[in-house]
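Scroll down for the structure; my scribbles are underneath it.
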Amino acid sequence: MSLAHLHLLLNHFPIIGTAVGLGIFIASFATKSDELREAGLVVLAAVALLALPTFFSGIGAQGAISKDPTVSSALIERHEGAATLALLFMEITGALALARLWQRRRASTSLAILIFAFVTAGLMARVGNTGGDIRHTEIRTQDSGISAVIHHFEPAPGKLRDLILINKWWWAFMMDLHFIGLALLIGTVGILNIRMLGFAKAFPIAPLHRLMPWALAGFGVNTLTGVLAFIGMPNYYTFDIAFWLKILAILLLGLNAAAFYLTETFRSVEQLGPGEDAPPRAKFFAATSLVLWFAVIALGRYIQSYSGTIEPQ
Amino acid sequence: METSRDFFDPNSRTTERRPNRRCYASEGSSASAACTTLPCKADPRSLNTKNRSIVFAAMALPPVFLRSIEASSFSTWLRESDSPFAFYFILLFHTFGLALLVGGNAVMDLRLLGVERSIPLAPLKRIFPIMWAGFAINAASGLLLLIAYPTKALTNPLFYTKLLLIAFAVWVMTKLKSRVFDDSSLDEAAMVARGRPLAKWSLVLWIAAITAGRLLAYTYKYITYPC
């Protein structure tokens, strides 16, 4: 499978997924169903995660078709700008969805989620449209009306890249934040996982679990700095096998977290007090989480030496 | 398609390995002014001093010392091997150690600073072995990284700053252990009262240490001994 193939496979998920997640979320208000609301939020968070590899695979897809003289680079850049803006709103929506899932009883973020998911769904439709325009001459139209207005807010890919590479100290600062985020994330996730595995059983689980917003804050900082680094040097990361394996490990961590929280496993450990042992299923998820997070660190470190390991098409 | 690897690649070994041209003596000429801080060859005739032999020894020491480390087969292998178990393997353990050491400290510091007070304080003592394991991993991997690039590290003032920051941070860590966690007569309130100022320093110092470490990749003057 090539990166172009991956891009064409993944690109449906953020577009359809955002609409589905938003639809379920709205339906939950009509039915006053907590389960439905949580389902909608989980879909939005999952789509926000899947949007990352979709975005990252775009450069590979661009490389695959850019030699074709019938392909317009202006149309590709328009698509890339649209995707960048949509990704920003998608990730904010995902972060809000996770915050709402965390709060459970407080509804203050619901309105913000409605607004951001709605805007994201619209922006995603535009990303799909501009992407389709690259190859499908039969649907191609000029930007007009609302899409012309949106286009005004879309960053020009080259300008954004220049801004991120404006000097090496800004780059160094982003990398610094990436490492500080790493320490915060591993510290907080690590202590919870270690407790679930049966070490340091003197801790009750619930208070350690309340550190998870700090872990998510670390993950948020690293997602932001990571995406900015990618936008700054897209070819450096795109054709790198270690980078893609790192992204795969992050997606697997999302799956691991979903399996942990959405099955009965989380409920089986939530109330464990000092000295109480977690069931084997919980230990499995804790071990997987630890192994995958350290794999993410290791693969991240190997990006430098594996740059250029994927042949451009 | 732009070639970002060549254009701007602060992280890449392709640029990290690129020698600092300013500091290379071209054929037949002496090193340029930018490089005079690192002596290539100590010349006793140029020394107009009584302690000629001592100064001569001092001038000869850095080139002999740094060059002989770099010329060793182990240092060369670490630096130049394409094996995934050479330089980047060490670097990855340096990051694992960072995660254990600073991650553990972060949880402890945040708790002492008032985050999630429902976490019982006394059992946090159990994090110390993890943090010490992280410290041991990083001392060992740090030494290996130093063997790989001795000139790069030792000619950068920031490297000494980083070591100093780590020394302070570890000192604060031992104080946290002895003053807060080893004193079993303290209740939680007293532990927090004693631990708070230490926790603040700990957080600041570890963030500063990470920052100094990261900046080493962008501030070095020489990559290997220039002559």
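Just one of (1) at pLDDT 95 or above; (2) more than 24 Å from A:Leu197 (Cα to Cα) fails for A:Ala282. It is (2).
Here is a yes/no grid of residues against (1) farther than 18 Å from A:Gly181 by Cα; (2) within 12 Å of chain A (Cβ to nearest Cβ); (3) at pLDDT 95 or above; (4) assigned to a helix (DSSP H, G or I):
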position: B:Lys175; (1), (2), (3), (4): yes, no, yes, yes
position: B:Asp183; (1), (2), (3), (4): yes, no, no, no
position: B:Leu186; (1), (2), (3), (4): yes, no, no, no
position: B:Trp201; (1), (2), (3), (4): yes, no, yes, yes
position: B:Ile207; (1), (2), (3), (4): no, yes, yes, yes
position: B:Ile210; (1), (2), (3), (4): no, yes, yes, yes
position: B:Leu215; (1), (2), (3), (4): no, yes, yes, yes
position: B:Cys227; (1), (2), (3), (4): yes, no, no, no
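Residue count for region A:83-121 under the criterion of being open to solvent by 30 Å² or more (accessible area, probe 1.4 Å) and either under 23 Å from A:Ile59 (Cα atoms) or β-branched (Val, Ile, Thr) (or both): the result is 6. Does B:Leu121 count as crowded, with 19+ Cβ neighbours inside 10 Å, within 11 Å of another protein chain (Cβ to nearest Cβ) and at negative phi? So B:Leu121 fits the description; yes. The set of residues in region B:56-115 being more than 22 Å from the chain's Cα centre (by Cα), part of a helix (DSSP H, G or I) and either surrounded by 14 or more Cβ atoms within 10 Å (Cβ to Cβ) or among the basic types (Lys, Arg) (or both) consists of B:Phe56, B:Met59, B:Ala60, B:Val107, B:Met108, B:Asp109, B:Leu110, B:Arg111, B:Leu112.
Tallying residues that are under 17 Å from B:Leu215 (Cβ atoms) and assigned to a helix (DSSP H, G or I) within region A:148-177 yields 10. Restricting A:Lys246, A:Lys283 to those that are in contact (Cβ under 8 Å) with a residue 40 or more places away in the chain, of a type in the set (Lys, Arg), part of a helix (DSSP H, G or I) and within 14 Å of another protein chain (Cβ to nearest Cβ) reduces the list to A:Lys246. Annotation: of all residues in region B:155-169 being of a type in the set (A, V, I, L, M) and touching a helix residue (DSSP H, G or I) at 6+ places or on another chain (Cβ under 7 Å), the one that is least open to solvent (accessible area, probe 1.4 Å) is B:Ala169. Each residue in region A:77-119 was checked for being under 18 Å from A:Gly254 (Cβ atoms) and not charged (D, E, K, R), and 12 pass. Summed over region A:21-38, the residues that are open to solvent by 40 Å² or more (accessible area, probe 1.4 Å) and either within 24 Å of the chain's Cα centre (by Cα) or under 21 Å from A:Gly254 (Cβ atoms) (or both) give a count of 5.
Restricting to region A:181-210, name every residue that is surrounded by 22 or more Cβ atoms within 10 Å (Cβ to Cβ), under 21 Å from B:Gly97 (Cα atoms) and at the interface with another protein chain (Cβ under 9 Å from one of its Cβ atoms). Hits for region A:181-210 are A:Leu182, A:Ala183, A:Leu184, A:Leu185, A:Ile186, A:Gly187, A:Thr188, A:Val189, A:Gly190, A:Ile191.
The values are calculated or read from the model by the stated rules, or taken from the named source; none is laboratory data. Note that the coordinates shown come from a computational prediction; the quantities given were computed from them, not determined experimentally. Note that each Cβ is placed from the backbone with ideal geometry, even for glycine, and that neighbours are counted across all protein chains shown. Heavy atoms of the whole protein, side chains included, go into the accessibility calculation; ligands, DNA and RNA do not. Shrake-Rupley method; radii C 1.70, N 1.55, O 1.52, S 1.80 Å.
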